[in-house]
1. At q = 0.13, 0.22 Å⁻¹, what base-10 log of I(q)/I(0) does the Debye formula yield for the stretch 127-216 when every alpha carbon is treated as an equal point scatterer in vacuo?
2. Using helices alone, I'd like the mean residue ellipticity at 222 nm for the chain: each DSSP H run of four-plus residues gives -39500 (n - 2.57), total over residue count, nearest 500.
3. Pop a pseudo-label 7 angstrom from the Cα along the beta-carbon direction at both Ser75 and Asp57 and give the gap in nm to one decimal.
4. By Kyte-Doolittle mean hydropathy of at least -1.0 and Cα axial length of at least 15 Å, which whole DSSP H helices of the chain are selected?
5. For Ser109 and Ser21, compute 0.36 nm times the residue count separating them, minus their Cα-Cα distance, and round to one decimal in nm.
6. For the chain, give the share of DSSP beta bridges that are antiparallel, in percent and rounded to the nearest 5; count only bridges with both residues there.
7. Can you flag which of Lys25/Lys178; Lys18/Lys40; Lys178/Lys229 are past 18 Å Cα-Cα?
8. Report the Cα centroid-to-centroid distance between the stretch 200-235 and the stretch 151-167 in angstrom, as an integer.
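What follows is calculated from the coordinates using simple rules that are stated; it is not laboratory data. Note that the structure is a prediction, hence the values are computed from the model and not measured. Every residue, glycine as well, gets a Cβ built from its backbone with ideal geometry; the counts of neighbours run over all protein chains shown.
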Amino acid sequence: MLSLVDIHTYYGNIQALKGVSLEVKEGEIITLIGANGAGKTTTLMSISGIVPPRTGDVLFMGESIGRVNPDKIVSMGISQVPEGRRIFPYLTVLENLDMGAFLRNDKDSIKSDLDYVFGLFPILAERRNQAGGTLSGGEQQMLAISRALMARPRLLLLDEPSLGLAPLIVKQIFEIIKKINSDNNTTIFLVEQNANLALKVAHRGYVMENGRITLSDAADRLLTNEDVKKAYLGI
């Protein structure tokens, strides 16, 4: 479904990604783990067109999207849930969700998708007319995920969904990630510092260090890899 082919991404003269290649197959949950500053978020930004790679290419369903504008990438079936949630704080929950469906005009399907996300997160249904900025951190994360789902993505990019959340909410979010994957065969590319949780829900994983992929394997094998355990699992 998705291939990154030797991408090099820069912020000005600072190189963030150094020849990153990876692939995501349809229906998988893939996780990318690594320390702060390793280049995980930049990898997602390169996929979604926000910080396009300077060299190399990104292929989605066999089509090059490395130089495609972000709005077009969304319309092709890729949605990103950004780090820090970044909801619209002065819009209501319902208005935030409407923004997620902005590029769509299939009203009946939009309504069914709205029902689906309210089923995933009933608290959002209860607070549909409440301003997004008044929600708790966990509720805002639920809203950010739901807003991305309203675009009906084939590939969902999740950037640090557990960041700053209480353990009980984190557990709930990860259960929902698995449900989204199984309910709709939605492919998920998960960037996450909580390597233990991420590898437990993923099918495969990649380890990133200093802008490079240094290891890839089945998620269950990465969980038992001694180097991964020492560096990322605190074991």
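1. Evaluating at q = 0.13, 0.22 Å⁻¹ gives log10 I(q)/I(0) of -0.47, -1.20.
2. Taken over the chain, the calculation gives -11500 deg cm²/dmol.
3. Here the modelled spin labels are 2.2 nm apart.
4. 107-120, 137-149, 167-184
5. In short, 28.2 nm is gained.
6. 55
7. Lys178/Lys229
8. Each part's Cα centre sits 19 Å from the other's.
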